[in-house]
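Accompanying notes for the structure given below.
The values are calculated or read from the model by the stated rules, or taken from the named source; none is laboratory data. Just so we're clear, the structure is a prediction, and the values are computed from it rather than from any experiment. Cβ coordinates were reconstructed from backbone atoms using ideal geometry, including for glycine residues, and neighbour counts include every protein chain displayed. Ligands, DNA and RNA are stripped out before the accessible areas are found, and what is left, the full protein with its side chains, is counted by its heavy atoms. Shrake-Rupley method; radii C 1.70, N 1.55, O 1.52, S 1.80 Å.
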Amino acid sequence: MSHDHDDRPQLTAAQAAAVLTPPPGRTGGDLVVESLQGLGATTVFGLPGQHALGMFDALRRSSLRYVGLRVENNAGFAADAYGRITGEVAPLLLSTGPGALTSLAALQEAAAASAPVLAITSQIPTAGLGGGRHGYLHELRDQQASVRDIVKSVHTVRAASQIPSAIAAAWESALTAPHGPVWVEIPQDVLLAETTLPVVSAMDATPRELYPRPELTIAAAHLLSNAERPVIIAGGGVVRSDASGKLRALAERIDAPVVTTFGGKGAFPWEHPLSLRSWLEDRHTTDFLEDADVLLVVGSGLGELSSNYHTFRPRGRVIQIEADAGKLESNHPALGIHSDAREALSDLLEAVERREDPGAAERVRTVLEKVRVRIDAQELTLEQQVLAAVRQALPDGSPSFWDMTILSYWAWSAFDARRPNTMHSAQGAGGLGYAFPAAIGAAAADPTTPVLAVSGDGGAMYSLAELATARQYDAPLTWLIVDDGGYGILREYMTDAYGEATGTELARPDFVALAESFGVPAVRTTPDSLATDLTKALAAPGPSVVVLPALLRMFEPTHL
């Protein structure tokens, strides 16, 4: 069998000499960092541990920038945000056992939000693999078993020569639509052993493209072209595939109103005449979506939050474009199109016929007015004032990261993200502590743009150690902490359900004094001075904290 090598890169004489005489003192850890560099990585996140020291020592000999956080789960959140912001793989270096396991909640969020995180973790020495009880430090019978339900793929290394291929395969998996976290395990002795293998050069790990099948595109275009009341739901897949421009072009071509899911914030212009915004937790919006005779769902599985807690019952035909095959028709019968959102929207744009509906914008205005009247009747002036102050202070191009807290739940529905891929939250998996470490990851991705993190006091307690990280790296971020003395949303849920709350009231520190003890400037603000204080903090270099003591309430649900 012959092979055509003409399209492969040819080594120069100097490169060939380097291959034949690799520098001394390299280990399996060097193969890890060389593989990452060969794949194009520039930044890695993590936290060192005894078994993983071979990787961390090798960082010294590389051009990779290391961002070290204080808790592995927070390092995972930072990598998640870096992956979301850049669309590139975010390497996460972890140690065995407790170090690896502490990252799992962050990896669950990355899986739910389709963030390309490459976790590379050490393992006990090769001799201990296989489930025997040898008594090694950090030993688990089957470390992979703890992650298989979370990550897209697991890759095991048992010899140094396997390292580049395992990392390349994991890299390709992380970037194949839908993006997601992946896991590589390398035993301690493999990482520490010296190697005479050549230095890893250029690597190829190109993700495969996910195109729609042409007969499905034709069928979908026919339905949309001939619809009387088409509506589009745009999810996070539109943002991740950088398809917001194509979404807008399609909506305008067929005069279809667009609502964005909470994960799809910014996918469609907020002030556009066809924009239903993001009021998915509202019965008026749900009724409007149910009345559509053709509903195009792009990059969303129509899960709990996107379906008004599964009260949404479409009466028309549903077309669902989704890169995750497991989400196709998982909640509603549909014409299911397994495809990357950008590719499918591009093909649809070519196939649909122009459709004019002068009444579409008026119907959108009617729904938004009904929503406004409903919210205004609940006397939630403070909440709307606080959210408006955040919007006023935040530069349009600045990314924001929102923890699981009442102000975030408001933001999901009512905040104008203004640009795609700028608003991110932990709504995928719903864990606490996401916002601040995620903001550190975003600051690492682009140190020229200020970043905002929003937490409640309960969620903030998960992340306080990272004040040291933000100071150490002089990260350009501002942390807004809304202090209501406890887990505010759980307090509301329990009081509504049981008449009183249990376990929701929290002792907490003086957040301003605490931040200042880390060398991070901080200010206590009020609703009236929030916009001014937040603007000033975001404009200042380095990290800062703004604390808002306020008891915010949620708007009334419509799904009960």
All but one of (1) assigned to a helix (DSSP H, G or I); (2) exposed (fewer than 13 other Cβ atoms within 10 Å of the Cβ) hold for LEU538, so report the exception by its number.
(2)
Need pairs with beta-carbon distance below 6 Å; first residue without any contact (Cβ under 8 Å) to a residue 40 or more places away in the chain and within segment 192-219, second surrounded by 16 or more Cβ atoms within 10 Å (Cβ to Cβ) and part of a loop (DSSP other than H, G, I, E, B); sequence gap 6+ or separate chains.
PRO207/THR176; ARG208/THR176
If SER330 meets every condition in (1) assigned to a helix (DSSP H, G or I); (2) open to solvent by 20 Å² or more (accessible area, probe 1.4 Å); (3) of a type in the set (Gly, Ala, Ser) apart from one, which number is that one?
(1)
Scanning segment 339-369 residue by residue, those in contact (Cβ under 8 Å) with a residue 60 or more places away in the chain, open to solvent by less than 80 Å² (accessible area, probe 1.4 Å) and outside any helix (DSSP H, G or I) turn out to be SER339, ASP340, VAL352, ARG355, ASP357
PHE262 fails exactly one of (1) in contact (Cβ under 8 Å) with a residue 60 or more places away in the chain; (2) open to solvent by 20 Å² or more (accessible area, probe 1.4 Å); (3) touching a strand residue (DSSP E or B) at 6+ places or on another chain (Cβ under 9 Å), namely (2)
For PHE268, are the conditions met, namely being in a loop (DSSP other than H, G, I, E, B), closer than 20 Å to ALA220 by Cβ and aromatic (Phe, Trp, Tyr)?
yes
Residues that are open to solvent by less than 40 Å² (accessible area, probe 1.4 Å) and either over 23 Å from PRO273 (Cβ atoms) or part of a strand (DSSP E or B) (or both), drawn from segment 224-251
PRO230, VAL231, ILE232, ILE233, ALA234, GLY236, GLY237, SER241
Return the total of residues in segment 334-371 being in contact with a Phe, Trp or Tyr (Cβ under 7 Å, 6 or more places away or on another chain) and of a type outside the set (A, V, I, L, M).
2
Members of segment 189-204 found to be in a loop (DSSP other than H, G, I, E, B) and more than 20 Å from SER63 (Cα to Cα), listed by number:
ALA193, THR196
How about segment 1-62: which helices (runs of 4 or more DSSP H) wholly inside it have at least 1 residues that are at pLDDT 95 or above and open to solvent by less than 60 Å² (accessible area, probe 1.4 Å)?
28-38, 53-59
Taking segment 430-484, which residues are open to solvent by less than 10 Å² (accessible area, probe 1.4 Å) and either at pLDDT below 95 or part of a loop (DSSP other than H, G, I, E, B) (or both)?
GLY433, TYR434, SER463, ALA475
When you scan segment 370-385, how many residues do you find that are open to solvent by 40 Å² or more (accessible area, probe 1.4 Å), under 26 Å from PRO527 (Cα atoms) and in a helix (DSSP H, G or I)?
8
Are there any pairs with C-beta distances below 6 angstrom linking a residue in segment 422-435 that is within 17 Å of GLU72 (Cβ to Cβ) to a residue that is part of a loop (DSSP other than H, G, I, E, B) and of a type in the set (Ser, Thr, Tyr), with the two at least 6 apart or on different chains, and if so which?
ALA426/TYR434; LEU432/TYR462; GLY433/TYR462; GLY433/SER463
Single unsatisfied condition, ALA79 versus (1) assigned to a helix (DSSP H, G or I); (2) touching a strand residue (DSSP E or B) at 6+ places or on another chain (Cβ under 8 Å); (3) open to solvent by 10 Å² or more (accessible area, probe 1.4 Å):
(3)
